[in-house]
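Undergrad: Okay, handing you the structure first.
The values are calculated or read from the model by the stated rules, or taken from the named source; none is laboratory data. What you see is a predicted model, and the numbers here were worked out from it, not measured in a lab. Backbone-built Cβ (ideal geometry, glycine too); neighbour counts: all protein chains shown.
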């Protein structure tokens, strides 16, 4: 039996990986500050406007926008925690997963939400990272990695599972359960699409 070594991971060092979600969150805070300081509303200009082709750019831009500071603060902690866990898989994978979540979450929200509804906020990414980490355990490249991600998934489910369930099926008025649901679906798809190749044996 011969074993083909797995290719070296090129996802950057630990510090570089951890910096990615921190950087993205910092951009959100800067955007929120600029939106307050400058005239006009960036949410109106760059938010995801359902059933409007003018609002399609919001698929990628709306996760960086927030309705107000309390909205941003409420998303920041879970975004950072879950984002850091996703980033452990590598810099490239973090951004690949983030883009897949944004695309699927944005398109699903654009289609399902009421026409003219403006959706902003990083909660779709938060739910997407949650979905990614849960499914990641089932597509790990080895049993050891699978067990590790299963433990991570159990901890995350214990910390956020209840609130995630409420955020999808019992969201309060004015909160987009569509973004939460399709973000989580996007995360699951990202876990499968970016799964590492298993070690070949012959």
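Undergrad: Which of the residues belonging to segment 115-133 are in contact with a helix residue (DSSP H, G or I) (Cβ under 7 Å, 6 or more places away or on another chain) and touching a residue at least 60 places away in the same chain (Cβ under 8 Å)?
TA: Once the filter is applied, which keeps residues that are in contact with a helix residue (DSSP H, G or I) (Cβ under 7 Å, 6 or more places away or on another chain) and touching a residue at least 60 places away in the same chain (Cβ under 8 Å), segment 115-133 yields 118, 119, 120, 122, 123, 124, 125, 127, 128, 131.
Undergrad: Look through segment 183-202, keep the residues that are surrounded by 11 or more Cβ atoms within 10 Å (Cβ to Cβ) and over 15 Å from residue 134 (Cα atoms), and return whichever of them is modelled with the highest pLDDT.
TA: Result: 196.
Undergrad: Can you tell me how many residues in segment 54-80 are in contact (Cβ under 8 Å) with a residue 40 or more places away in the chain and under 30 Å from residue 149 (Cα atoms)?
TA: Looking only at that region, the number is 12.
One line per residue, one yes/no per condition, for (1) within 18 Å of residue 179 (Cβ to Cβ); (2) under 14 Å from the mean Cα position of the chain (by Cα); (3) modelled with pLDDT under 95:
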| site | (1), (2), (3) |
| --- | --- |
| 42 | yes, no, yes |
| 61 | yes, yes, no |
| 75 | yes, yes, yes |
| 104 | yes, yes, no |
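Undergrad: Given the criteria closer than 18 Å to residue 94 by Cα and at pLDDT below 75, does residue 141 qualify?
TA: yes
Undergrad: Identify, by number, the condition in (1) in contact (Cβ under 8 Å) with a residue 40 or more places away in the chain; (2) closer than 17 Å to residue 123 by Cβ that residue 51 doesn't meet.
TA: (2)
Undergrad: Given segment 36-132, what helices (runs of 4 or more DSSP H) lie entirely inside it while holding 2 or more residues that are farther than 26 Å from residue 192 by Cβ and in contact with a strand residue (DSSP E or B) (Cβ under 9 Å, 6 or more places away or on another chain)?
TA: Passing ranges, in order: 42-46.
Undergrad: Yes or no: residue 141 surrounded by fewer than 17 Cβ atoms within 10 Å (Cβ to Cβ) and closer than 21 Å to residue 11 by Cα?
TA: yes
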